[in-house]
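Read the structure below first, then the notes.
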Amino acid sequence: MDCSDGFIEGKLGGDVESIIFINLRKENLYPICKNLPDYSEDDFFDMIEFLHDHSSKGLSGTYHQWNQCGMHYETFDDEEGKRYFRQTLNPILKEYLNGFEISKDGEILVFSDTGLSTLLDAKIPAEDEENIADKINNAVIKFRRYKSTLDDRKNAIRELADVLEFLRPQLKSYLNKKDENDLFNIANNFGIRHHNNDQKINYDKGIWYSWMFYFYLSTIHAVLRMINNPK
């Protein structure tokens, strides 16, 4: 922090550039104002994630009156600082290209429209975190990460298909045999879960992967709710 009595180091110490290099394995990112014009998009997003992870809100301290220096905070709230950072940056990121946002975990994700965001933010109605909730959350992050490749998205779809496979014994009570098979044929016949000469691979993966992902995600939510609310 710049003080009228001289520079005061924060929790990152006096060599912020080295801390950034250790975390991001990149040089020439700091000072931000000096290097920002030369940032690539990847640099820009990496720095946003870094800043989010190191944001904190000052709660209490002492006011340094000399030369109107300002507050010298001594106690901080990390989570509140991160929340404020997201609240400030997300409206801006939403307007960049097709839209992005910072997740609560500090990751840059592709922004989803209102309809899909409702599905993505919906609570997962399952108590089994290891086999269901964690896998779904990991798949969502993997699919939406701004750096996600087609292989990443394919793996995300595979994870959702694995969740349905785990739920398959319970599915039999709610779906007939044909509908049950159709669910898994999507992943099996389009090169998601298995690899053989009979699979369909000549399709626009960018378009169809999105359809498969949201189809499986919405199906899992529907199935879990049927299981939890049998009639």
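Values in this text are rule-based calculations from the coordinates and carry no lab data. Note that this is a predicted model, so its numbers are computed, not measured. Note: ideal-geometry Cβ built from the backbone for every residue, glycine included; neighbour counts use all protein chains shown.
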Quiz item: Which value in Å is the Kirkwood Rh of the stretch 116-158 over different Cα pairs?
Solution: 11.0
Self-check item: Net +/- balance of residues flanking Asp38 in space, Cβ distance below 15 Å, scoring K and R +1, D and E -1
Solution: -4
Exercise. Take the Cα coordinates of the stretch 2-100, assign each an equal point scatterer, and use the Debye formula without solvent to give log10 I(q)/I(0) at q = 0.14, 0.16, 0.20 Å⁻¹.
Key: -0.69, -0.88, -1.19
Quiz item: Straight-line reach from Lys178: which lysines have a Cα under 27 Å away, not including same-chain ones fewer than 8 places off?
Solution: Lys135, Lys154, Lys200, Lys205, Lys231
Quiz prompt | For the stretch 131-179: relative contact order, % (alpha-carbon pairs under 8 angstrom, 6 or more apart) | solution = 40
Quiz item: What 222 nm value per residue comes from the helices of the chain, counting each DSSP H run with n ≥ 4 as -39,500 (n - 2.57) and dividing by all residues, nearest 500 deg cm²/dmol?
Solution: -16500 deg cm²/dmol
Practice problem: Treat the count of other C-beta atoms within 10 Å as a stand-in for reagent exposure and order Cys33, Cys69 from fewest to most. | Solution: Cys33, Cys69
